[in-house]
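The values are calculated or read from the model by the stated rules, or taken from the named source; none is laboratory data. Bear in mind that the values here come from a model prediction, so they are computed numbers and not experimental data. FYI the Cβ positions are ideal-geometry reconstructions off the backbone, even for glycines, and counts take in every protein chain you see. These area figures cover heavy atoms from the full protein model, side chains too; ligands, DNA and RNA do not enter into them. Shrake-Rupley method; radii C 1.70, N 1.55, O 1.52, S 1.80 Å.
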Amino acid sequence: DFYDQGLVIQGSWRDMRQYFRVNDVASFQVAVEPGYDVDEVKDRIETLYGTRRSLTTFSNESLREVALGISEQSFALFDVLAWIAVIVASLGVVNTLMMNVLERTREIGMLRGIGMTRWQVVKMILAEAGLMGALGGVLGIVVGLFMSQVFLMGANAMQGYDLEYVLPVMGLGTAFLISLVVSQLAATWPAASAARLRIIDAIQFE
C-alpha cells in the first residue's frame, strides 16, 4: 500500500464513528475491474466529479512512482556523500604518501644508491597506496553493510513497508575496485616525486 504507507485500518462506518470519531471521507479508493483502462476511468471520474466535488485523482501506479522516486532521491543523496568521501579519502592518501616520501627521503636516496631503479621506487609507493586502499575498502564495506541494515530497518519501521535486504555482491566488488583505483591514482603524484629525487640530494636531505 503506497498510499498510506501500510498503516491501514479497515472497519465499518459504525466502528469508525464510535472508536475513531471519523464521520467524513478524506479519500476514495476505487478498484478497476479487468477489461477497463485505469487512465480512462480516472479521466471519467475527473470529468464527472473532479471540479464539482474538488476531487484530485491519482492512480496507484503514479503513487507507486512517487514513493519509489523519493527512495531513489534518498539513495542519490547517499551517492553524492559517497563521492565526497572518495574525494576526501584520495586527498588523505596524497597527503599521507607525500609526508611518507619526505620523511623517508634519505632512505629512498640510499635505496637508489645501492641500485634501486626509479620504476622500483614508483612501484614501492604504489604498493603502499594499494595496501591503504585495500584496508580502507574492506573497512568501508563492513561499515557500509552495517549502515545499510540500519537504514533498511529504519525505513521499514517508519514507512510501514516490508523491504527485504538483498546483498549487493556486484556493488561490493565495484566498491572495493574503486578503493584500489582511487588509491593508485592518488599515489601517482607522490610516487613521481619520489622517483624524481636525485640520489645525492636525497642522501643529504635532513
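The table below gives the values:
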{"read-out": "All Cα pairs of segment 52-94, percent lying beyond 16 Å", "value": "61"}
{"read-out": "Cβ crowding within 10 Å averaged over residues, with 71-83, 98-110 ranked highest first", "value": "98-110, 71-83"}
{"read-out": "Rounded to the nearest 10 Å², the accessible area of residue 46 at probe 1.4 Å", "value": "70"}
{"read-out": "Orientation-averaged projected area, Cα convex hull of segment 104-150 (nm²)", "value": "3.8"}
{"read-out": "Cα convex hull of the chain, projected area averaged across orientations, nm²", "value": "19.6"}
{"read-out": "Rg(Cα) / (2.2 N^0.38 Å) computed for segment 17-101, rounded to two decimals", "value": "2.15"}
{"read-out": "Ordering of 172-178, 91-97 by packing [mean C-beta count within 10 Å, highest first]", "value": "91-97, 172-178"}
{"read-out": "Residue-level accessible surface for residue 201, protein heavy atoms, 1.4 Å, Å²", "value": "80"}
{"read-out": "Peptides ranked, highest mean first, by Cβ atoms within 10 Å: ranges 182-190, 142-150, 117-125", "value": "182-190, 117-125, 142-150"}
{"read-out": "Theoretical ellipticity at 222 nm over the chain - DSSP helices of four or more residues, -39500 (n - 2.57) apiece, nearest 500", "value": "-23500 deg cm²/dmol"}
{"read-out": "Per-residue HN-Hα couplings for segment 12-23 [Karplus 6.51, -1.76, 1.60; θ = phi - 60°; Hz; x = Gly/Pro]", "value": "7, 4, 4, 5, 5, 5, 6, 9, 10, 6, 9, 10"}
{"read-out": "Shape of segment 141-205, Cα gyration tensor, a/c cut at 1.5", "value": "prolate"}
{"read-out": "Cα centroid separation - segment 143-176 against segment 100-133, whole Å", "value": "40"}
{"read-out": "Solvent-accessible heavy-atom area per residue, rounded to whole Å², over segment 98-206 at 1.4 Å", "value": "66"}
{"read-out": "Sulfur and carbon atoms: percent of accessible area, the chain [1.4 Å]", "value": "64"}
{"read-out": "With eigenvalues of the C-alpha gyration tensor scaled by 5 and rooted, segment 100-195, Å", "value": "43, 11, 8"}
